[in-house]
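The values are calculated or read from the model by the stated rules, or taken from the named source; none is laboratory data. Note that the structure is a prediction, hence the values are computed from the model and not measured. All Cβ positions, even for glycine, are placed from backbone atoms using ideal geometry, and neighbour counts span all protein chains on display.
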Amino acid sequence: MDVVGYFTALGLATAAGLNAWIPLLATGLLARYTNVIHLDGTWANLENTGVLIALAAVAVVDFVGDKVPGVDHALHAVGTVIAPVTGVAAALSSSSALDVSPALMTIIGLVAAETSHGTRMAIRPFSTVTTGGLGNPVVSLIEDVASVALSVVAIILPVLAALLVVAMFAVAWRVIRRLRRRRAQTPLRYSSAPPS
């Protein structure tokens, strides 16, 4: 059994929760242009020019749309379904030539992608409220960069990717707790004078 394959799956699925299309695109590009990953069977289609162009086009649309206030929240709602699906696909594609359990890879893909996406959705409203939505494109760009970096690291250095995932979730958990605590301590503001 190839335990490292599970670390790759964890990294790619977590990256899919941040940006659903980047891990699949990264897997296809790295398989086509390098020797760091080999795709077998149907997953080899990720290396095809048409598939890579389609993934790149969808990734660009998602990248741009996530920077537009209002559109970003709609994309996040849709991402609740898309992220786990692409997370599973990325996890399974990366393990096509490894001795791993497809069922366990599917579970890792679902849980990691949905947890990552859910964390992203939990943090974004705080950015919207505190910056009036102006900080959302910056947060989105950070998510995209993290997704690219995690996708590449998951394929090249899987153990490091697993450590990064644990660190990311730990930091996100602390940030969310702090933001919720701060929100709970903020006194209510009245739009008009409070009743006497």
message = Scan the range 167-181 and tell me whether some residue there is assigned to a helix (DSSP H, G or I), of a type in the set (A, V, I, L, M, F, W, C) and closer than 24 Å to I37 by Cβ.
response = yes
query = For the range 129-151, how many residues are among the β-branched types (V, I, T) and touching a helix residue (DSSP H, G or I) at 6+ places or on another chain (Cβ under 6 Å)?
reply = 2
inquiry  = Please pick out the residue among V58, V81 that is surrounded by 14 or more Cβ atoms within 10 Å (Cβ to Cβ) and either without any contact (Cβ under 8 Å) to a residue 40 or more places away in the chain or of a type outside the set (A, V, I, L, M, F, W, C) (or both).
reply    = V58
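Modelled with pLDDT of 85 or more, exposed (fewer than 14 other Cβ atoms within 10 Å of the Cβ), over 17 Å from G17 (Cα atoms) and of a type outside the set (F, W, Y): which single residue out of R182, R189, R174 fits that description?
Details: R182 fails: modelled with pLDDT of 85 or more; R189 fails: modelled with pLDDT of 85 or more.
On inspection, the qualifying residue turns out to be R174.
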remark   = With criteria (1) surrounded by fewer than 15 Cβ atoms within 10 Å (Cβ to Cβ); (2) hydrophobic (A, V, I, L, M, F, W, C); (3) closer than 14 Å to G17 by Cα; (4) touching a residue at least 60 places away in the same chain (Cβ under 8 Å), A146 comes up short on (1)
